[in-house]
Structures are given as C-alpha cells and as structure tokens.
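To start, the structure itself, in structure tokens.
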Amino acid sequence: MNCSDESTYGNKADIISTVEFNHTGELLATGDKGGRVVIFQREQESKNQVHRRGEYNVYSTFQSHEPEFDYLKSLEIEEKINKIRWLPQQNAAYFLLSTNDKTVKLWKVSERDKRPEGYNLKDEEGRLRDPATITTLRVPVLRPMDLMVEATPRRVFANAHTYHINSISVNSDYETYMSADDLRINLWNFEITNQSFNIVDIKPANMEELTEVITAAEFHPHHCNTFVYSSSKGTIRLCDMRASALCDRHTKFFEEPEDPSNRSFFSEIISSISDVKFSHSGRYIMTRDYLTVKVWDLNMENRPIETYQVHDYLRSKLCSLYENDCIFDKFECVWNGSDSVIMTGSYNNFFRMFDRNTKRDVTLEASRENSKPRAILKPRKVCVGGKRRKDEISVDSLDFSKKILHTAWHPSENIIAVAATNNLYIFQDKVN
Amino acid sequence: MEVQKEAQRIMTLSVWKMYHSRMQRGGLRLHRSLQLSLVMRSARELYLSAKVDAHESEPPLPPAPSPDPHLHPPREAHAAAEAAAPDGEQPFPEPMDTQEAPRAEETPARCAPRPAKVSRKRRSSSLSDSGDAGLVPSKKARLEEAAAEEGFSSELRDRLQPPPAQAEGAFPNLARVLQRRFSGLLNCTPAAPPTAPPACEAKPACRPADSMLNVLVRAVVAF
C-alpha cells in the first residue's frame, strides 16, 4: 500500500480539519489544525465579467484557538478546529461557532469600511494635545476607508467538557446550540457562557464497563426539540427534549442488524459512525461509517432505506488499514441542497457522489493536475483485481495519506468544497 | 498456527498503539482507546481459541513433557525480557518515537507495565474526581498491573495452566466460528505493508506471548 507522506510537503498546521458553507452559500469557512479559521467569500457576479462565475476569495483569516495546557491533568489541549457552524445572518455581521477539543467560541465577523476622522483632541500622530491649545469643538466625521474585515470573539464557552468535543450544532431556534463529546452532550444558550445544561450522559458508573461512545450529534433542521446522536456501535438515537430534562432515554433507536456474512475481526470498529447529518427536509438522516454511507428514514428504525458502498474494495485490506491507522479515519458526509445527491470522501484524494434518484454514482479526484480552472473532472475508477483497464487505478496503488475527510455542499447551488489535506478545492457546475 | 501468530501480532500492535496514543498531543482519546481495546479483545479471543485448536490437534503426549515446550521458551525469553527491562527510562522514549519495526515487538513487553507508572503519576496530580477517572485506568486495574510486573515469573507457570482450561469451556464453538470467518485475516499477510512490524520474526520477543497475555488481559480491563 502506498503511503507517501503528503503532509511533509506542507506545514502540518495547515491541514484543513473542517469546511462549512454558511446558510446562503456566500461564505465558506475552513478550520485547520493550527487553530486558524479562513473565510472565503463569493465574488458578486458582475455584468462585465459574465464568464467569471462567482469565485471564492479569502475574506477573513483569524486565529480562533490557541494550544492550551490543562495543568490538572498534565495534558496539552490541541488547538485544532474540530467543527465550524454558522449562525443564520440577522444583521450586517456574520456569526460562527468554532470549537476545538474543549472550548467553543462564538465569533463575530464584520466589515469596516468607514473610519472617523477629524479629531481635534489628538494630533496627527495620535498624541493628546495640550488642552490649553484647543479652542473649538469639532465632531469627527466618518470617511470611507479600505475595506477591513475583523473577527472578534464574542463568547467563549469553556470548561464544560471532560472528554473531547466532536460536534456542535446550532438549534433552529437560533438561541441555543449543543456541543457533544465522547460521553456527554450539553445544551447552551448563546448569551450564557458560564452555564450549560447536560442533556445526554452515557458515562457508565464504572468506566470499565464502557462499551460505546458518542461520535456525532445534530439538531433537527426544523424541530428545535429534536436531535440525534450517533455511537461507536453504529447506532443512532433520536431524542426529544420535551420528554425529559436528561435525554438518556431515546425516542427512537436506529440500528441495522449485523450481516453475519460480513463479520470480521474489525467489524466492530468499522461500524462506528463517524458523521450523522439530517437532510434539509428533516425527513432523513445520513450516516457514514468506515466503508458505507447510509440513508435512514426517521420513521423506520430497523434498517436504513439506502446503503451506498464508498470503497468496499478496502474490506479485504482492513488488517493493513489497522496497521497504518487509516481504519480510524473519520469521514464526513453531506447532502446537496435538494437532498437528491450525497457526497463523501475516500482515499487517494478521491471523493464520491451518489445520486439517490438515478442510483448512479461517480468517483472524482481532487488534485492539482486535474484542477485547472474550468477543467472538467474526469470520473475515476478503482480496479478491484483482475485486469486493470487503462484509466483505472489498482487498490494497491492508492495513496492512503491523501484522504478527503471533509467536504461541503453549497446550500442551493452545485458548488462543492473539498478539503484534501492542506489544500481546499472548490468545484462548480459547468455553466452553459 | 498462522492464526495464532497473526492474533499475537495484532495484540502486540494494539498494545503499542494504545501506549503511543497516550503520548499524543491532546492526551488519551476515549474513542480510540475503546476501539483499540475492542480489537485487542478480539485478537485475544482468536489467539486463545487458536491455541485450543492447536492443543486439540496435537497428538496426545504424556502429561509430564507436554507443559515443557510451553514453559521453557517463555522462561528463557522472559529472562531476556527481564534483563532488557532494567535498561531504564533512557532508551525507552526513543523506540517509541522512531517507530522502528523491530523494536515494536520488544517495547510492548516493557511498555505495558509503563502505563501503570505513568498513569499513577498523572493520577496523583489530579483531583480524585470521578469525572477524571475516565481518562486514566482505574485504581484496581493499575494495582493488578503492578502486581503482574513484579510477580511475573511466579505467575507465569500458574497462568499457563488456567487459560487453556478456560478456553476449553468457553471457546470451542467460538473457535470454529472465528476460524471460518477469519480467512480475511489470514489473507492480510504482513508481506505487503512495509511499515508493519515483522510478524514474529523477533522470536525472543514473540515467545513470551503467554506472559504478555496476562498483562494484555489487564490492559484490556483497564481501558
């Protein structure tokens, strides 16, 4: 198995760890291992440049989290941004939540394009004038200046998680959000930083009896009382916060019975769900485990309605993937705006899209060679043994250090963002 | 035999990964530890059931000589491991850091007792809050590990007898099921991945598998 170390070609801190469009798709935020957030903004389409369909340019860059040290446990807290979630826009400023393993922060990103000028209490260099020399009153006036985008931390939600935060999700009421770690989920109010409500706690009394952990959680897109969380055992629980304060008892429990013919040594760990996402309609949930993506109907708990094989050719390679730690990779999955297509990443910088209606799927590659502007992505194919055709790539030639864990889909258009280690690729649908 | 060796290799690898994960930035990750312990448990079951099968398939020997083949090599190798262990702290961080394949076999034998020391240090520096208990092994498991470390040679002979007996009762059916299912495991030969630790080429380190098993049992319990 090929394992060229892509990260040695760039700084490890530049490895992108999360990608998220905002609700209009105008902004695209990325977080990286170094704790930085970079926000891209789509260019307004101008009448002059019809061919330049809105491209994304850097809008703002800021350091969201710094490495910290927990003195009590002698542990370093990584600054890596695990998740970014946007709040819907309510005024001229943009708000987003970003989180590392322990602390969630609310950032305000705002533009400044005017500045006050004409102070008469200070001179040009900013030094205070001698009051005796001031004889008139002058009100400063706002004059235009070069656009400046500033990001300020408005809230810091800290010290609420013993374990590592894996998810955050903004509620549809826009007043609360939740943060989930391995064993607990907390509900926060945006205005209150020194308190949070614990709504799920699966920590056993005796830690030696621990058998499963929470791997992802998300609020329902429309019902502010409903949320789901996934587990390392491949199950999903749907909870209703109206039922009780502590949602330890689920309202619905989604689990597919194990296929005995697929059982293997590593069955347990490849069934762990790495991501769970509600469809935009709120009728379905999509889960990603190591080899498949599944779509579940909220009204049917005993099995998914659709199962898509992402890279089943890896099933016979699980042993090697355990050795090089790839079996622990946490892939994410996304819906397109109309919930008709789902997308997820794979290795060798491949990513896969599945059309739920036509049942067609495609494998594409995010690489510099293939991504000249306006080039059309060519579908790729992995050959699983036997004769390899000309354009196919064999399983053993796949580069497992080039993994696409994070992708995002524009909320209404066919624009996707794909994070390949420390590179971000943005692909748009061809315009006629 | 193949199955046994493979299971042993996976157990070794898992212990190594488990130790290494403690050294990572960000500290011990609960999910990762859980997954590693699951694999280790499966490997242990596979190893024990393969051992049972190996015993069953051997021609019947008189009782006296039969324990010897198992006892002698582990005792020799154990002496070697014990001699290696007092090397002390100095060489220890390096094998972990360089991740050299040959060392991967040796260090787990030493590293399993290590976490006991490391975790004890960490434990004393933190409040005995139940919230923190999840990040370090429980006190009970740690004391057992310490006991295992000290009473190695004396326990060795005791331990060798019970596991087959236990395996006898619990595993015959499981062994058959596991062996049927693990053709995939056998096909994953270590020949292909260059980074894999050599499959039991380092014989002395491999041999005290049974004594390592004791420590592994405790490591699984602890996690």
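Working out 0.36 nm times the residue gap between residue A:412 and residue A:243, then minus their Cα-Cα distance, what length gain in nm do you get to one decimal?
57.4 nm
Averaged across the residues of A:264-271, what count of C-beta atoms belonging to other chains lies within 10 Å of each residue's C-beta? Display every interim value, and only then the final one.
Values: counts 6, 14, 7, 3, 6, 8, 1, 0.
That works out to 6 on average.
Running a GNM on chain A with Cα contacts under 10 Å, which residue among A:27, A:137, A:314 ends up with the highest mean-square fluctuation?
Per the Cα network of chain A with a 10 Å cutoff, A:137 tops the list.
Summing Lys, Arg as +1 and Asp, Glu as -1, what charge do residues with Cβ under 11 Å from the Cβ of residue A:298 carry, residue A:298 excluded?
Result for the local shell: 0.
Here is the link list: A:317/B:5; A:80/A:203; A:33/A:381; A:12/A:359. Which ones come out longer than 29 Å on Cα distance? Kindly include the intermediate steps, with their values, before the conclusion.
Numbers: A:317/B:5 18 Å; A:80/A:203 25 Å; A:33/A:381 31 Å; A:12/A:359 38 Å.
The pairs that break the limit, which is 29 Å between Cα atoms, are A:33/A:381; A:12/A:359.
Taking amide H positions as placed 1.01 Å from N in the peptide plane, with prolines and chain starts having none, which residues 5 or more places from residue A:17, or on another chain, fall under 5 Å of its amide H?
Result for residue A:17 returns A:31, A:32, A:33.
Around residue A:356, under 11 Å between beta carbons, what's the net of Lys plus Arg minus Asp minus Glu among the other residues?
Residues near residue A:356 contribute -2 overall.
I'd like the GluC sites (Glu not before Pro) in region A:321-383 restricted to DSSP loop residues with at most 16 other Cβ atoms within 10 Å, sorted by number.
Counting only loop positions with at most 16 other Cβ atoms within 10 Å, the GluC sites (Glu not before Pro) in region A:321-383 are A:369.
Kindly rank A:402-411, A:84-93, B:6-15 from highest to lowest mean number of other beta carbons found within 10 Å of each residue.
B:6-15, A:402-411, A:84-93
When Lys and Arg each count +1 and Asp and Glu each count -1, what net charge do the other residues less than 12 Å away from residue A:90, Cβ to Cβ, add up to?
Residues close to residue A:90 contribute a combined charge of 0.
Would you mind calculating the gained length between residue A:76 and residue A:135 on full extension (0.36 nm times residue separation, minus the Cα-Cα distance), in nm to one decimal?
Length gained, residue A:76 through residue A:135: 15.5 nm.
Please give the FRET efficiency for residue A:251 paired with residue A:69, using the beta carbon to beta carbon distance and R0 = 35 Å, rounded to the nearest 0.05.
Efficiency computed from Cβ-Cβ geometry: 0.30.
Residues of region A:393-432 with the amide nitrogen closer than 14 Å to a label point 7 Å from the Cα of residue A:358, along Cα-to-Cβ, please.
Flagged as within label range: A:430.
Enter the mean number of other protein chain beta carbons within 10 Å of the beta carbon of each residue in B:28-41, as an integer.
The per-residue average across the peptide is 6.
Any read-out appearing in this document is the output of simple, stated calculations on the displayed coordinates, not a laboratory observation. Note that the structure is a prediction, hence the values are computed from the model and not measured. Virtual Cβ from ideal backbone geometry, glycine too; neighbours counted across all protein chains shown.
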